[in-house]
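Read the structure below first, then the notes.
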Amino acid sequence: MKEIVQDGAEVLREVAKPVPENIFGSAELARLINAMAVALDREPDGVALAAPQVGVAWRLFIVRKDRAVPAKAVSPASPEASQGASHPMPEIEVYVNPEIVKTSRRKASSDEGCLSVRGVYGVTKRHERVTIRARHPDGKPFTRGAGGIIAQIFEHEIDHLNGILFTDHAENLVHIKHAAAA
């Protein structure tokens, strides 16, 4: 079981290496992605996780889309309702060797935190829209554009892959003790 490393760990300040070609489609990559998903699942306030956050210096991140996008209304008669609308099934998107290929000129300020900098929150200024090019775990390339919170997530996670923490450029940092740590 992978643990989420905290600020001060060297791996968080390294520029991650591309996932090697021979790893695409492998059981090794599948195990890493699964371990990341399990680690993220244990953090109810977490929406995404980069491989360096679990101690692996590879250019890879996952997004829990079900936590990042507002829940859609669920009809009481729908199959989702019987599974418990308050706990949607995890919907994980995987981005291997991602790179930002386009950003909007406009930026927006928003609150931000990080699972590797527990208890610290601040305001960051990020692009309103971001387009990234990445690969699926099987190696197939894709491009995805996003706005709002997903664009913010893309920039935050790619910062992790470049050894940058949000606290490096956030303003109005606040430190909050979590009940579990108090």
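In the stretch 110-120, what residues are in contact (Cβ under 8 Å) with a residue 24 or more places away in the chain and out of contact with any helix residue (DSSP H, G or I) (no Cβ under 9 Å at 6 or more places or on another chain)?
Within the stretch 110-120, Arg118, Gly119 qualify.
Regarding Ile158, is this residue under 17 Å from the mean Cα position of the chain (by Cα) and surrounded by 20 or more Cβ atoms within 10 Å (Cβ to Cβ)?
Yes.
Would you confirm whether or not the stretch 25-46 contains a residue that is in contact with an Asp or Glu (Cβ under 7 Å, 6 or more places away or on another chain), surrounded by fewer than 17 Cβ atoms within 10 Å (Cβ to Cβ) and either more than 19 Å from Asp168 (Cβ to Cβ) or of a type in the set (A, V, I, L, M) (or both)?
Yes, the stretch 25-46 contains a residue that is in contact with an Asp or Glu (Cβ under 7 Å, 6 or more places away or on another chain), surrounded by fewer than 17 Cβ atoms within 10 Å (Cβ to Cβ) and either more than 19 Å from Asp168 (Cβ to Cβ) or of a type in the set (A, V, I, L, M) (or both).
Looking only at the stretch 3-23, decide whether some residue is modelled with pLDDT under 95, more than 14 Å from Val94 (Cα to Cα) and in a helix (DSSP H, G or I).
no
Which of the residues spanning the stretch 118-134 are buried (at least 20 other Cβ atoms within 10 Å of the Cβ) and closer than 19 Å to Ala51 by Cα?
Across the stretch 118-134, the qualifying residues are Ile132, Ala134.
With respect to Ala151, is the statement that it is more than 19 Å from Met36 (Cα to Cα) and out of contact with any helix residue (DSSP H, G or I) (no Cβ under 6 Å at 6 or more places or on another chain) true?
yes
Can you name every residue in the stretch 100-117 that is in contact with a strand residue (DSSP E or B) (Cβ under 7 Å, 6 or more places away or on another chain) and either farther than 30 Å from Lys2 by Cβ or surrounded by 17 or more Cβ atoms within 10 Å (Cβ to Cβ) (or both)?
Lys102, Thr103, Ser104, Lys107, Ala108, Ser109, Glu112, Gly113, Leu115
Just the residues that are modelled with pLDDT under 90, outside any loop (DSSP other than H, G, I, E, B) and farther than 18 Å from Gly147 by Cβ, please, taken from the stretch 67-104.
Of everything in the stretch 67-104, those that are modelled with pLDDT under 90, outside any loop (DSSP other than H, G, I, E, B) and farther than 18 Å from Gly147 by Cβ turn out to be Pro79, Glu80, Ala81, Ser82.
The values are calculated or read from the model by the stated rules, or taken from the named source; none is laboratory data. Predicted model only: the values in this text are computed from it and were never measured. Using ideal geometry, Cβ is built from the backbone for each residue, glycine included, and neighbour counts are taken over all protein chains shown.
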